[in-house]
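A quick write-up on the structure given underneath.
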Amino acid sequence: MDTFARKLRERAQQLGISNAEVARRCELDERRYAHYAAGRREPDLATLVKISKVLGTTPNWLLGLAPNGDEETMSTNLLDRLYAAAAILDETELRILVVQAEAIAQGRISTKTLDQRV
């Protein structure tokens with residue numbers, strides 16, 4: 001439960017919104033959400049999903065889990081955040097993101113190929 005509470009606070013801070021604002025966007029009572037953010041209570045599954053959508057992340061990230069149920073690593077954390085961000089983009093924005101990601105990946109492949117030749 002400590003991980004969940006920490007992740008709630010961390011993500012709200014990243015977004016620059018207060019607990020009260022998160023609660024409002026989730027259509028939850030502020031006091032109820034404050035219990036989650038303080039680690040005193042855990043939400044039911046439907047509420048967890050609603051909170052994760054409002055915070056632009058995934059339930060796995062909020063629970064500190066990788067998609068396969070293992071503990072998260074920095075890489076899975078970032079992939080979860082990327083997936084959550086991509087899920088709310090329109091088609092044009094998503095195409096731009098994909099092109100950017102592919103360009104970065106291609107640059108890494110080209111760099112590795114050059115390093116192997118040297």
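The values are calculated or read from the model by the stated rules, or taken from the named source; none is laboratory data. All values reported here derive from a predicted model rather than from experimental measurement. Here Cβ is always computed from backbone atoms with ideal geometry, including for glycine, and neighbour counts include all displayed protein chains.
Of note:
- Exclusive hit being in contact (Cβ under 8 Å) with a residue 24 or more places away in the chain and farther than 20 Å from Arg81 by Cα, set Ala38, Ala12: Ala38
- Just one of (1) loosely packed, with under 12 Cβ neighbours inside 10 Å; (2) at pLDDT 95 or above fails for Gly16. It is (2).
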